[in-house]
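Just below is one structure, and these are the notes that go with it.
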Amino acid sequence: MNLPAKVGVYGGGRMGAGIAHAFLVSGASVTVVEADEAAAAAAADRIGASLAKAAERGKTAESVAELTARLDVATDAAALAGCGLVVEAVPESAELKAAVLAQVETSAPDAVLATNTSSLSIDGLAKSLARPEKFLGLHFFNPVPASSLVEIVVGSATPDALAAEARGWAEALGKASITVADSPGFASSRLGVALALEAMRMLEAGVASAEDIDAAMTSGYRHPTGPLRTTDIVGLDVRLAIAEHLAREVGERFAPPEILRAKVAAGQLGRKSGQGFYRW
Ligand SMILES: NC(=O)c1ccc[n+]([C@@H]2O[C@H](COP(=O)([O-])OP(=O)(O)OC[C@H]3O[C@@H](n4cnc5c(N)ncnc54)[C@H](O)[C@@H]3O)[C@@H](O)[C@H]2O)c1
């Protein structure tokens with residue numbers, strides 16, 4: 001194992017719990033920091049349930065009891081002392097993340113700091129740090145235990161050696177990695193959203209039905225899921241926010257089509273609301 005022996009995860013929500021799971025089953029000890037006692041208990045439950053499901057399916061070499069023996073859930077960042085790596089996974093707010101990262105830097109002075117942000121600039125977040133050369137993006141995908149990619153996002157102060165070390169960690173987690181410069185939408189969101197927006201414009205223009213546009217990619221190009229169905233699964237509101245961000249930062253070609261705005265305004269958010277480009 002070339003993972004740090006002790007890994008911290010700041011924020012044990014949907015992504016943080018999955019990240020903790022991934023490091024535990026790969027042999028690391030994990031300390032999760034949550035906002036308060038209730039959130040800490042919820043995070044411990046989430047991780048326990050996720051490990052139990054994996055164990056039931058025969059996907060863990062160790063028992064749940066052995067895995068959770070290496071898990072600590074705390075409410076004080078001081079518990080992160082001694083971590084070789086801390087992954088921040090609190091909600092997507094630049095102010096909150098900057099405050100959390102600065103706190104982690106004090107509590108775990110020797111740790112590499114990573115953020116799981118899906119859209120914020122690594123260089124922007126690095127401004128709150130005394131040691132930006134120990135900071136990078138580790139963008140995990142949802143659900144983390146089943147996903148096969150980590151997007152490594154390199155800021156202007158991130159040394160090549162740290163990116164190389166992170167590629168080793170991804171490999172130790174059993175995941176492929178790609179290395180991307182700090183840029184809006186990184187590689188995954190930028191390409192995924194570009195395809196989805198064009199599919200929406202085609203639907204709007206009456207080029208074909210949603211099913212047929214998706215089939216062009218699933219049957220024609222062997223994508224596992226079509227761009228419109230993927231948008232339903234991700235959430236139309238989530239994709240609208242990313243498109244607006246990319247339109248501002250990259251260019252007008254990411255301007256959200258009217259059909260996307262109208263569906264979000266009508267509460268048609270995709271799978272979670274029962275209706276998006278498909279009925280669920
Ligand atoms: N959900 C996804 O599909 C996805 C995919 C990739 C990346 N991300 C990114 O991962 C990050 C987390 O997203 P999520 O979906 O897990 O959110 P979430 O709301 O499920 O989890 C956030 C967790 O952070 C905790 N938290 C909030 N403030 C805190 C504080 N001050 N100290 C400690 N803990 C605190 C919350 O209690 C919660 O458990 C975001 O940056 C998001 O953009 C999400």
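The values are calculated or read from the model by the stated rules, or taken from the named source; none is laboratory data. Everything numeric here is computed off the predicted structure, so don't read it as measured data. Cβ placement follows ideal geometry from the backbone for every residue including glycine, while neighbour counts extend to all protein chains displayed. Side chains included, ligands, DNA and RNA excluded: accessible areas come from the protein's heavy atoms. Shrake-Rupley method; radii C 1.70, N 1.55, O 1.52, S 1.80 Å.
Remarks
Residues are listed down the side, and each one gets a yes or a no for (1) free of Cβ contacts under 8 Å to residues at least 40 places away in the same chain; (2) surrounded by fewer than 19 Cβ atoms within 10 Å (Cβ to Cβ):
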residue	(1), (2)
A39	yes, yes
A42	yes, yes
D45	yes, yes
L51	yes, no
V90	no, no
E105	yes, no
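- Candidates A247, A205, A216, filtered to the one that is surrounded by fewer than 14 Cβ atoms within 10 Å (Cβ to Cβ) and farther than 21 Å from G267 by Cα: A205
- Selection status of D160, touching a Gly at 6+ places or on another chain (Cβ under 9 Å), more than 26 Å from A20 (Cβ to Cβ) and acidic (D, E): no
- Among the residues of this structure, P109 counts as one that is without any contact (Cβ under 8 Å) to a residue 12 or more places away in the chain and open to solvent by 20 Å² or more (accessible area, probe 1.4 Å).
- Counting only residues that are open to solvent by 30 Å² or more (accessible area, probe 1.4 Å), within 8 Å of the ligand (Cβ to nearest atom) and either closer than 15 Å to V64 by Cβ or modelled with pLDDT under 95 (or both), the stretch 1-37 holds 1 of them.
Every residue, every condition in (1) at pLDDT 95 or above; (2) within 21 Å of K6 (Cβ to Cβ); (3) surrounded by fewer than 17 Cβ atoms within 10 Å (Cβ to Cβ), yes or no:
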residue: K127; (1), (2), (3): yes, no, yes
residue: A130; (1), (2), (3): yes, no, yes
residue: N142; (1), (2), (3): no, no, yes
residue: L149; (1), (2), (3): yes, no, yes
residue: P159; (1), (2), (3): yes, no, yes
residue: L162; (1), (2), (3): yes, yes, no
residue: K175; (1), (2), (3): yes, yes, no
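- Test: A65 is more than 10 Å from the ligand (Cβ to nearest atom) and crowded, with 19+ Cβ neighbours inside 10 Å: no
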